[in-house]
Every structure is written in C-alpha cells, then in structure tokens.
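What follows draws every value from the coordinates through simple rules; no lab data is involved. What you see is a predicted model; the values in this text were computed from it and never measured. Quick reminder, even Gly has a Cβ in these numbers, built from the backbone with ideal geometry, and neighbours come from all protein chains shown.
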Amino acid sequence: MVTRQDYEKLCDEVWKHNRLYFQEGKPIISDDEYDRLVRKLEAVEETHPEWISATSPTQRVGEKPLAGFLDVSHKKPMLSLEKGFTKEELEDFDARVKRILSVKQVEYTVEVKMDGLAISVLYEKGQYKQAITRGDGKVGSDVTQNLKTLHGLPLRLTQENIPDTLEIRGEVFLPKQGFEKMNEERAKLGEPLWANPRNAAAGSLKLLDPKEVAKRVELSVTFYGVVYEPALPIRKQSEVNEYLKSLGLSTLPYHKLCHSIDEVMEYAAEIEKKRVDLPFGIDGIVLKVDDLRAYEDLGTTGKHPRGAIAYKFAAEQAWTTIKDITVQVGRTGVLTPVAELEPVLLAGSTIARATLHNFDELARKDIRVGDYVAVEKGGDVIPKVLQADPSRRNESSKPFHIPKTCPACQSTVYKDPQEVAYRCVNPVCPEQVLRGLTHFVSKDGLDIENLGEKVMEQLFLKGFVKYPSDIFSLTREQLAQLDNFKEKSINNLLESIEKAKKTTLARLIMALGIRHVGIQAADLIANHTGSIEKLLQISKEELLELQGVGEKVASSFVEYFANRENQKQMQLFQERGLECTSEDFTAFQGHPFYNKLLVLTGTLHSLSRHEAERKIKAVGGKVSDSVGKKTDFVVVGTDAGSKFEKAKKLGIPVLTEDEFLQRYSAHHVTTA
C-alpha cells in the first residue's frame, strides 16, 4: 500500500532526475527508467487525486488555454542596464560607483549578457508561485502557467532553509540549434521566420495555450540574480550562482569575480573569443557590484541600477554574396537601396536582406550585384552592408544605377538639392500608403497588438484598409478572409483595435507620420492644442510661437492638415470611436521639472537623449532644442557646446547629469 509519504518521496525522486537531466546534463538513470518512474507517479495520482499538488512533476501543463495575459506590477522594478562600449566608459562607471560609495576599491561580479527574454520568478515557502516578464520594467505579463511547462524550472525548491518569499531574476532563451530547427519547421509550413532567438523565445513563451508552449522543447530558462532581502543567507553577487544551484535552479557557468576594470576587460576578451561557440546568443558581459548591500545602497537613476553596467561587444560580422539590389519605398516616399543576400547566420539570426542606406553611400562604397560583402548588425539589430571585396568581383559587373521612376508606382523620382534622399512624390503611391499604414499601427504609432506588417499587407491588398480610419471599422467577416486567421486570431485583433481607440493626442500625431514631426514636436503640439478640433485649426504662426517647433515642422504640420483627405480622416477617427485622452500630470505638481522647460546638451552617459526626454515628459515637463528666455534648466553632459555657453550668459540654471537624475528621482523616493 502506497502512503502519502511514499508519494511525496516519489515526487522528490522524479524532481531529482529532472534536475540532473535538464539542468546539469548528468543523468544517472536511463530514459526508460525515468519514464517508468513518471508512469508510477501518474498511477498513484490516479488512485489518490486528493494528494496531487500544484508542484507535482506531472502538473507542468494546464488543461485549458489561457484567455490572455494579465499585466502585473513588479514589486521591485526590472530596470534596463546602462550600456558601455569602451574601456573608458567602464572606468567612468567604476569611478562613479567609488565616488557614491566613498570607497577606493570595488569588486565586480562579471557575467555573460544573454540574448533572451528577462523573467522574474517568485517562490513562496519554496513553492513556485508566479512568473512575470520584464515588460516595461514596472509592469510585465503574467506567464506563470507557460513558464511552468519548461523542464529547467523546478516547481519546488530543494532546500528548506530559504526565505518565505524568494524572488529571482533570469532569462528564457532558445539555444542556437533550437532556433535553427524551429525556423526550418516554420519554413516547411510556409510561416514567417523568426528574426532572432530572442523573438522566438518571447513568441513561444507568450502562446496562449500552455500545451503549445510545452511542445517548444528547445526553450530553456536560466537564473542569475536574486532580489535582495536581509533574510538571504548570502551577501555577495559572486555567491548567487552557487546559492541558486543549491536550490535546484538552472545557472550558467560563465562568471568571474574581478578586482579591477583591467581584470574585467581580460575576462571580456576571453568570453568574446568563446562567443561563436557558445550554444546560446550573447551580446556582451554584465558588471555588477559584488556586495549586495552596497548594490542596494547605490540605488537607481530611474532607468538603470547604479550598481551595474552592460559592456557590449562589437557587432558580429559575416561575409556573403549580394544576389540582387532592390529599391524600397518608405512611408515618406524616400527610396532606399536594399541588398538581397545569400542567407547567412549572423549574431544568432539568419540574414537575407541588409540596408545600403542611400544611393550616395552605395556609390561611395561601390557595391554591386554579385559582390562578396561584409555584413554587420548595427547595434546587433539592423543588418547593414559594410564593404565589398573587389578582388572577388566578376569582370562583367556594373555599378548600380539610380532608378528614374518609382518601382512601386512608376512616378518620376525627385531629388531635393538640399537632401541626400531620392523621393517618390506621388501621395497615393501604393508602397508609401502601405508603409504609412504599417507605421500607424506600429509601436511608434498607436501600438496595435496582433496587427503586424504581414497582416496589414493582407488587409491593404484585399482593399479592406485604404486609410488609417478603415482599421477602426474592420469586421469579423473581413478578418476571416485573411490567411491563417481563425476565431482566436480574429478575437485578439478586434480586442486590440478596440483597446487602441483610447490613446493620447501626441501618440495619434506620431502615428500619422507627418514629415519632420518627431516625438518632441508631437508632445509640444498636443499639449498646446489639447484636442483634435484645435489641432485642425492651429496656424503656422501659432506653431512657431512654441519653443522647440521650427519652420520645417510648422510648415509640414499645417500643409498636412490643409489636405482635405487628412481632415476627413480626423473626422472619421472620431466617428469610429477614437478618443484622445489628455495625460494627467497633476500627481507631479511638486516635481522639480513639472511644467518646466528643459534643454539637453552634450553626451549623457547613464541614459540616452531619448530616455532623458521621456523622463522629463513623464513628470509633466517639456523639452526644447534651443535655449531661450523661457528655458528653466539646461542639462549638460560631456562635450557640451554653445547651448551651455548661452545658458551661462542668460543666467539659466545648469544641471549636471547626476544633478538632473537626483532631482528627477527625489520626487519618486518621497512619494513611493
């Protein structure tokens, strides 16, 4: 007779063999013996269903598909890391850490920077409780059921002496071989290929049916961090790896304790040499202050932890052949040459196309069809052609000629003498219209989920969407005519469109893709007008009175809304339920930057210019490109120029990067 105690021992035994096989790669029993243990466990649970707990090895896959993913706030934000590309930037980081901590020596734990999906996992009393993706750092998606299906994740920790609540940070990733295999299978099915392992991992984990996630056997999870708690039995980041392993969690063997930036650079060089041979993708290393308490004391800048930095490796390069050079028409009519390549594996993804930037650059590099070329991923994201090898060129090859007509609509191509770009000026060019529609729904536009480039192309070609407003009147019957669109896909897209109807005026302006109007100008104009009605009535003179809006922006904006079709679109948006809500900044009335106008100049080191602008606007502040009498603060980075000098002459308060971040963070600290 099997007792409850026998059952629990059997669960423990299966978990032990799970860990030895999936995490440590050191199985001590055969597959048949393991299968017999699992069948025995299933037989016991069939006889005693009342014994089954959520942490049984048989309970990885839920019975029902998920209805969707809930948004969950992180108890402690999952901030992105500051990035460095040179030894000097790491030395600056090191000096800043020492200055803040008032110490002369700091030790760093150095780990590989994986190309995966960041995840936070919560255990309560040793039992798996919840898993949340990083999301925007503050709010992520609850993927508890789906992560549960990965064999590398224990549902019950092996030690007894652990905190009641333990939150750990890690990465879901797809090994290189698994990525290639998955893309081969997608190609056979005629499905679009994943761009890289990270996207494949994210897409796989976010399948709504946990059973489908379980089929993605290549998916893995590894852990590298803990959310600091005084109850933790460890005090150093260099102890985290062994501690997590002792709990039965999967970790990576690539880490080292370094006592100086010179040691860090030596280890970085060692890892970079191994990069190509590693079974998973990496794009650099991560330095973390080793002392966990000191790491906490350093705090954050609001965007990055002050105690860590990512050192990015140079972009990987590969050589391949250009099969053809095609011309792509952008949403503003700009013609861009694109290299169609013999597919090549680069930085963890298969590259078949790469930008050639513009025709001047194409001529300068003298790149031709048939050339053997070096390809690089700019910032490990956008593939670009670096150079050709003329020694391998066919004698019959000829330079590429700039087209005289648009490849999409055969209209005459125009070049403004003041611009590099060649442009199709036909406003109804089908390629321009499609690109504009794709931009409208993209992350830079209204960010409509489930409406990607391929879906939009189908909607456009079938005549269902000719103008942006048509998106908000799509019917279930129309969507049913799209390839691979079943009931679930239809419901998801209709829900996303309904959700997108509530947006901000600034986001709508950005979605329209008005030439020369960027995010800064969109915010300024939206804050000034406040409604679609006033947006349509604003004059060029009124726009020019806004500090930060120049002649080009004002002229382009007024010209756009002078077009009757564009006016009609704004009317149809409202008739079809689009609501532009105002962003409420009243909670930030006490913030140093609330309702203040700031100018950024020079190079910032802990965040990008775009991130700094976002911070200012998030608390009700405004940003301008020029210093004037209405400017409240000028934020100065390294190599600041004339704006800094003008601020001093006008007596405008000047803030260093650290002073800017301290003032920004102070409000959040006191109101948290």
ask   = PRE reach from LYS630 (point 7 Å along Cα→Cβ): which of segment 599-619 fall under 14 Å by backbone N?
value = 599
request  = Taking the Cα centre of the chain as origin, sum charge times position over the Cβ atoms of Lys and Arg (+1) and Asp and Glu (-1), and report the length of that vector in debye to the nearest 20.
outcome  = 1200
key: Label-point separation in nm, GLN5 to GLN589, each point 7 Å along Cα→Cβ   = 6.7
Residues CYS424, CYS258, CYS409 arranged by fewest to most Cβ contacts within 10 Å = CYS409, CYS258, CYS424
ask   = Is it possible to state the helix-based mean residue ellipticity at 222 nm for the chain, with each DSSP H run of 4+ residues giving -39500 (n - 2.57), the sum divided by total residues, to the nearest 500 deg cm²/dmol? What is it?
value = -10500 deg cm²/dmol
ask   = Past the 30 Å Cα-Cα mark, which pairs from LYS75/LYS181; LYS9/LYS148; LYS384/LYS488; LYS488/LYS534; LYS365/LYS615?
value = LYS75/LYS181; LYS384/LYS488; LYS488/LYS534; LYS365/LYS615
task = Hey, could you grab the Kirkwood Rh for the chain? Inverse mean 1/r over distinct alpha carbon pairs, Å, one decimal.
result = 28.5
note = The extension gain from LEU257 to GLN481, computed as 0.36 nm times the residue separation minus the Cα-Cα distance, is 74.9 nm
request  = Mind listing the long-range amide H neighbours of LEU386? Cut-off is under 5 Å, sequence gap 5 or more, other chains count too, H placed in the peptide plane at 1.01 Å from N.
outcome  = ALA374, VAL375, GLU376
ask   = What aspartates and glutamates sit close enough to LYS486 to cross-link, taking a C-alpha to C-alpha distance under 13 Å and skipping anything fewer than 8 places away on the same chain?
value = GLU477
note = Among ALA294, LEU434, THR3, the residue whose Cα sits farthest towards the positive end of the charge dipole of the chain (+1 at Cβ of Lys and Arg, -1 at Cβ of Asp and Glu, taken about the Cα centre) is LEU434
key: ³J(HN,Hα) computed for each position of segment 353-370 - Karplus, 6.51 cos²θ - 1.76 cosθ + 1.60, integer Hz, glycine/proline x   = 9, 8, 6, 10, 6, 7, 5, 5, 5, 4, 5, 4, 7, 6, 9, 10, 4, x
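Mind checking the full-extension length gain between LYS206 and THR165? Use 0.36 nm per residue of separation minus the Cα-Cα distance, one decimal, nm.
Numbers: separation 41, 0.36 × 41 = 14.76 nm, distance 2.55 nm.
Full-extension gain reported as 12.2 nm.
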task = Arrange SER73, SER665, SER120, SER391 by Cβ neighbour counts within 10 Å, fewest through most, would you?
result = SER391, SER73, SER665, SER120
request  = List the pair-distance distribution P(r) of segment 586-671, using every Cα-Cα distance, as the percent of pairs falling in each 10 Å bin from 0 up to the bin containing the longest distance, rounded to whole percents.
outcome  = 18, 54, 25, 3
query = When the convex hull of the Cα atoms of segment 317-423 is projected onto a plane and the area is averaged over all directions, what value comes out in nm²?
reply = 7.3
message = With the crude spin-label approximation of a point 7 Å out along Cα→Cβ, what separation in nm comes out for THR58 versus HIS610?
response = 5.1
ask   = Between CYS409 and VAL38, what is the FRET efficiency for a Förster distance of 56 Å, r being their Cβ-Cβ separation, to the nearest 0.05?
value = 0.35
Full-stretch length increase - THR86, LYS384 - with 0.36 nm per residue and alpha-carbon distance subtracted = 105.1 nm
task = Could you tell me which of the pairs LYS552/LYS649; LYS176/LYS466; LYS83/LYS502 are separated by over 32 angstrom between their Cα atoms in the structure shown?
result = LYS176/LYS466; LYS83/LYS502
request  = Work out the FRET efficiency for ASP416 and ASN492 from their Cβ-Cβ distance, taking R0 = 41 Å, and round it to the nearest 0.05.
outcome  = 0.45
ask   = So what is the relative contact order of the chain, in percent, for Cα pairs below 8 Å that sit 6 or more residues apart?
value = 9
